[in-house]
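The values are calculated or read from the model by the stated rules, or taken from the named source; none is laboratory data. Please read these numbers as outputs of a predicted model, since none were measured by experiment. Every residue, glycine as well, gets a Cβ built from its backbone with ideal geometry; the counts of neighbours run over all protein chains shown. Only protein heavy atoms, including side chains, enter the accessible area calculation; ligands, DNA and RNA are left aside. Shrake-Rupley method; radii C 1.70, N 1.55, O 1.52, S 1.80 Å.
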Amino acid sequence: MPKLVYDFTEGNKDLKDLLGGKGANLAEMTNLGLPVPPGFIITTEACRYYLEQGSTPAGLDEEITGHLDQLEASMDRKLGDPADPLLVSVRSGAKFSMPGMMETVLNIGLSDESVQGLAKQAGNERFAWDSYRRLIQMFGKTVLDIDGEHFEHAIDEAKEAKGVRNDLDLDAADLQNLVDTFKGIVKSQTGHDFPQEPRQQMDLAIKAVFNSWNADRAILYRRQERIPADLGTAVNVVAMVFGNLGADSGTGVAFTRDPGTGAQGVYGDYLQNAQGEDVVAGIRNTVPLQDLEGIDKPAYDQLMQIMQTLENHYRDLCDIEFTIERGKLWMLQTRVGKRTAAAAFRIAMQLVDQDLIGEDEAVRRVSGEELARLMFPRFDTSGEVTKIAKGISASPGAAVGKAVFDSARAVELAGQGERVILVRRETNPDDLHGMIAAQGILTSRGGKTSHAAVVARGMGKTCVCGADELDVDTKAKKFTAPGGITVSEGDMISIDGTSGVVYAGEVPVVASEVVRYFEGELHPHSDEADDLIRAVHSIMHHADQKRRLGVYANADTGPDCARARRFGAGGVGLVRTEHMFLGERRQLVEDLILADTDDERQHALDALEPLQRGDFVEILDAMDGLPVTIRLIDPPLHEFLPDLTDLSVKIALDGDNATDKDKALLAAVRRLHEQNPMLGLRGVRLGLVIPGLFDMQVRAIAHAASDRVRAGGNPQPEIMIPLVATVQELEITRDAAEKVLAEVAAETGIEVHALIGTMIEVPRAAVTAGEIARSADFFSFGTNDLTQMTWAFSRDDVEGAFFSPYMAKGIFGVSPFETIDRDGVGRLIKIAAAEGRATRPGLELGICGEHGGDPASVWFFHEAGLDYVSCSPFRVPIARLEAGRAAVATGGSDTR
């Protein structure tokens, strides 16, 4: 086996795969000469071995012993020594920060004997018993898997018996009694005494960290954040330093910039006479970090200097945990901090302005998902609203939903399609599934660094923390606000994560400022625009300069096309003409399909053509000078015919009064009825079976383009033939289309040049693309249908049927309709692209499924060598940004 344990002096920040994020950064701070308590890291390789084999790897115990000996020598103490004990913490630390992982266990090494030595050495009996009760509580919950409520109830009963509300009001005798109570809980819940042997405590805690990798909440978080399941976690064993030794001690969390807004300054929380879990859990309300200057100025000044050192070193916002032990500052953790979407854009451009990073790096630092969050609506409070409380703006956004006070209930209601707001006094890792299900999170305790705030920011969820005006009663499922306002489970509330305000009822929303910028209503250099708009503008401009992929839109109307153009679309990659036949026009299509004679069919076509022509004029006008790919009609036939069952029932009820038309219609519907219309008479097949249908559409396109030329425009229509599975289908349809284009050119005197290509959405077309390319000017991959046909399931049927258990079992990491299936559908795309271009080197390749707006999929299409992606207008900016990020990551640049 390779080396399994590393001292902090042996690692660095680039070893996150091996040492985890926490361990790698502790090593990095140690190498920078910062005050880090000594310790060692057990690698992710040891974890992976343990999870695969069910036992620790050979030699691990010996390596741990050797590093523990070094730690004891450096501290001049022995682990758990009765006279002067060395105590350690055991912390999980995966490559990526994972709130679902095991909570830290502090004070390992304390026992009935060593607690006396700790009290004597510290000169503080209360501190020693407080540390011991914390160990039993944390160890019992996280290592022995005891329900934490047992310990919380015992603490509440102890405070109630003494008539106090704060943990700090319990004295040494109270805490000693609490230790006895806690040991009784361990005995009753596990059947065993709390372990007194220090090394046994440490070994059990290490294995608990390994096991926590596959805990339900860790798996849930990994799936939510798309973190690979095979990384494993490292384990950090760190010498304890104590923030709960009195008023000259404390603990805190600091950010080098505001993680909510990105503003520069001093941000964080501090809690005197406390250990780190008190801050993160939000059990006691903290004071702002700035208050530390008045409490302990030397420690504050040193912390400010270290924060600057870390930010300059990491060239990014840093999230820092620290402890002050009797005036001495210790650094317990640093990492590149999670931030809101707005903060991500602001900070990226601030760092560019400070010459800490370049513009390429700024583009890397943000994401399409973050940009999408900035495009969500915000509350409109110009009308009558009822403000009921104000807390801390922990994670921005506008969230509306029914108040729920239990995570399981949040999941239940969300599964029924309800919008919910999870309301808690404070959250903990057990609430993760409810936080994922909720629209937003509201807590009455905690600050910007509490569990709720950190997890919500990481997931992009709206969160208001520390709304201490609210009296939250989770058992009664209600909260009471000032003025006697009571909100019970099921009542609608609105929370504003940007301002921290909580409203009763549902507050209306308005468009975001970022959407106004993309719409052209807000100029980035105007007085009305703030630094966020300017940051978005700068980053989008650079991404556009760098990207190789073109970004087009899927749009079916002139207004949709106009919006897409304002949002930066370089063309339209998909006009779905079947959408133009709905509503009042549906009857004309029905007449066409059911026509018995050539005259009846021509009559229906003649009625449809001018309508189509008007549609195309509007679209070509909106996208003048840019390519517009128009897909010929591709509906499942049943969408334009009456329902077979409904029609049968109607005729049966009418009896002898049924009309001849209804009877003829029923006969035709029965004749054309398909068991699986998704795989039936549609696309190119419909055009070949119904004479004149495709000709009518091509003629309408040609006339619309001629109209635009006469009006001084520059139309660039492209004709896309759908559902082709064989080159013969394309050849026949292409010949007919070219004939119509020539006829219109002769008739109007205007020759319209239109590329003719096909949509690759049938697996057979993908694997015979070399042949099909002989008759195609372009391929556009219809990834929605290609995914359905490759997987052999219909999206409409299966997403509610079996996707949830498939996700839970890990068969899908993410829905293949959301992010491209690289190994299956993606491979078909690569085969078609390679074989198509081998036949026709200049073949244009695009994608027009909704995967075109998915950030992860955009990267795949960049790697696959496609020319453009096409997506809904609203997602055009997201695709532009991700195309730029993909180009920057691969060093390519070719703006389209």
Study note, to complete from the structure: Scanning segment 393-422 residue by residue, the ones that are over 12 Å from Q439 (Cβ atoms) and of a type in the set (A, V, I, L, M, F, W, C) total 4
Point to revise | Residues of segment 852-885 classified as surrounded by fewer than 23 Cβ atoms within 10 Å (Cβ to Cβ) and not aromatic (F, W, Y), total | key: 8
**Study point:** Residue satisfying condition, being open to solvent by less than 30 Å² (accessible area, probe 1.4 Å), free of Cβ contacts under 8 Å to residues at least 40 places away in the same chain, over 17 Å from G782 (Cα atoms) and of a type outside the set (V, I, T), within set F812, F817
**Key:** F812
Revision key, fill the gap. When (1) farther than 21 Å from L68 by Cα; (2) modelled with pLDDT of 95 or more are applied to L135, the one that fails is (1)
**Study point:** Options F210, F182, F194; residue that is in contact with a helix residue (DSSP H, G or I) (Cβ under 8 Å, 6 or more places away or on another chain) and modelled with pLDDT under 95
**Key:** F210
**Study point:** Hey, V487 of a type in the set (A, V, I, L, M, F, W, C), in contact (Cβ under 8 Å) with a residue 24 or more places away in the chain, out of contact with any helix residue (DSSP H, G or I) (no Cβ under 8 Å at 6 or more places or on another chain) and on the phi < 0 side of the Ramachandran plot or not
**Key:** yes
Revision key, fill the gap. Among the residues of segment 482-503, the number that are of a type outside the set (D, E) and within 21 Å of S395 (Cβ to Cβ) is 12
Check your understanding: modelled with pLDDT under 95, open to solvent by less than 40 Å² (accessible area, probe 1.4 Å) and assigned to a helix (DSSP H, G or I) - does that describe any residue in segment 221-234?
Key -> yes
Review point. Among the helices (runs of 4 or more DSSP H) contained in segment 238-314, which hold 3 or more residues that are open to solvent by 40 Å² or more (accessible area, probe 1.4 Å)?
Key: 292-295, 297-314
Review point. Could you list, in sequence order, the residues of segment 460-480 that are open to solvent by less than 20 Å² (accessible area, probe 1.4 Å) and over 30 Å from E370 (Cβ atoms)?
Key: V472, F479
Review point. Does I772 meet the test of being modelled with pLDDT of 95 or more, under 18 Å from G550 (Cβ atoms) and of a type in the set (A, V, I, L, M)?
Key: no
Study note, to complete from the structure: The correct count of residues that are in a helix (DSSP H, G or I) and either open to solvent by 30 Å² or more (accessible area, probe 1.4 Å) or of a type outside the set (A, V, I, L, M, F, W, C) (or both) in segment 501-546 is 12
Exercise for review: Sort through V464, V510 and tell me the only one that's more than 21 Å from the chain's Cα centre (by Cα) and aliphatic (A, V, I, L, M).
Suggested key: V510
Practice item. Of all residues in segment 562-581, count the ones that are closer than 14 Å to L626 by Cα and either without any contact (Cβ under 8 Å) to a residue 60 or more places away in the chain or touching a strand residue (DSSP E or B) at 6+ places or on another chain (Cβ under 6 Å) (or both). Key: 9
Check your understanding: Which condition number in (1) outside any strand (DSSP E or B); (2) more than 30 Å from G337 (Cα to Cα) is the one that T498 fails?
Key -> (2)
Study note, to complete from the structure: For helices (runs of 4 or more DSSP H) lying entirely in segment 557-640, having 1 or more residues that are open to solvent by less than 40 Å² (accessible area, probe 1.4 Å) and of a type in the set (D, E, K, R) picks out 586-594, 598-622
Check your understanding: Out of (1) open to solvent by less than 50 Å² (accessible area, probe 1.4 Å); (2) in contact (Cβ under 8 Å) with a residue 60 or more places away in the chain; (3) assigned to a helix (DSSP H, G or I), the odd one out for I388 is which?
Key -> (3)
Review point. Taking R457 and the conditions (1) open to solvent by less than 10 Å² (accessible area, probe 1.4 Å); (2) without any contact (Cβ under 8 Å) to a residue 12 or more places away in the chain; (3) among the charged types (D, E, K, R), which numbered condition does it fall short on, given that it satisfies the others?
Key: (2)
Review point. How many residues are surrounded by fewer than 17 Cβ atoms within 10 Å (Cβ to Cβ) and either in contact with a strand residue (DSSP E or B) (Cβ under 7 Å, 6 or more places away or on another chain) or more than 18 Å from T726 (Cβ to Cβ) (or both) when one looks only at segment 831-851?
Key: 4
Review point. When segment 370-383 is examined, which residues are found to be outside any strand (DSSP E or B) and either buried (at least 18 other Cβ atoms within 10 Å of the Cβ) or at pLDDT 90 or above (or both)?
Key: E370, L371, A372, R373, L374, M375, F376
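Conditions (1) touching a strand residue (DSSP E or B) at 6+ places or on another chain (Cβ under 7 Å); (2) farther than 21 Å from G148 by Cα, marked per residue:
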residue: E426; (1), (2): yes, no
residue: H433; (1), (2): no, no
residue: T443; (1), (2): yes, no
residue: A452; (1), (2): yes, no
residue: V455; (1), (2): no, no
residue: G466; (1), (2): yes, yes
Study note, to complete from the structure: Subset of segment 178-193, residues under 21 Å from A158 (Cα atoms) and either open to solvent by less than 10 Å² (accessible area, probe 1.4 Å) or charged (D, E, K, R) (or both), comes to L178, V179, D180, F182, K183, V186, K187
Point to revise | Output for segment 585-615, where each listed residue is without any contact (Cβ under 8 Å) to a residue 12 or more places away in the chain, within 16 Å of A668 (Cβ to Cβ) and over 44 Å from the mean Cα position of the chain (by Cα) | key: A595, D596, T597, E600
Exercise for review: Mind listing whichever residues of segment 762-806 are in a loop (DSSP other than H, G, I, E, B) and touching a residue at least 40 places away in the same chain (Cβ under 8 Å)?
Suggested key: T768, A776, D777, G782, S794
Point to revise | Inter-residue pairs, beta-carbon under 6 Å, first at pLDDT 95 or above and in segment 305-324, second in a strand (DSSP E or B) and among the aromatic types (F, W, Y), 6+ apart | key: T323/W330
Check your understanding: Do you know which residues across segment 837-882 are outside any loop (DSSP other than H, G, I, E, B) and over 19 Å from D821 (Cα atoms)?
Key -> R837, A838, T839, E844, P873, F874, R875, V876, P877, I878, R880, L881
Review point. G21 fails exactly one of the following numbered conditions: (1) out of contact with any helix residue (DSSP H, G or I) (no Cβ under 7 Å at 6 or more places or on another chain); (2) outside any helix (DSSP H, G or I); (3) open to solvent by less than 60 Å² (accessible area, probe 1.4 Å). What is the number of that condition?
Key: (2)
Practice item. Identify the single condition in (1) assigned to a helix (DSSP H, G or I); (2) out of contact with any strand residue (DSSP E or B) (no Cβ under 6 Å at 6 or more places or on another chain) that D193 does not satisfy, given that it satisfies every other one. Key: (1)
Review point. Which one of Y50, Y6 is more than 30 Å from F127 (Cβ to Cβ), assigned to a strand (DSSP E or B) and not β-branched (V, I, T)?
Key: Y6
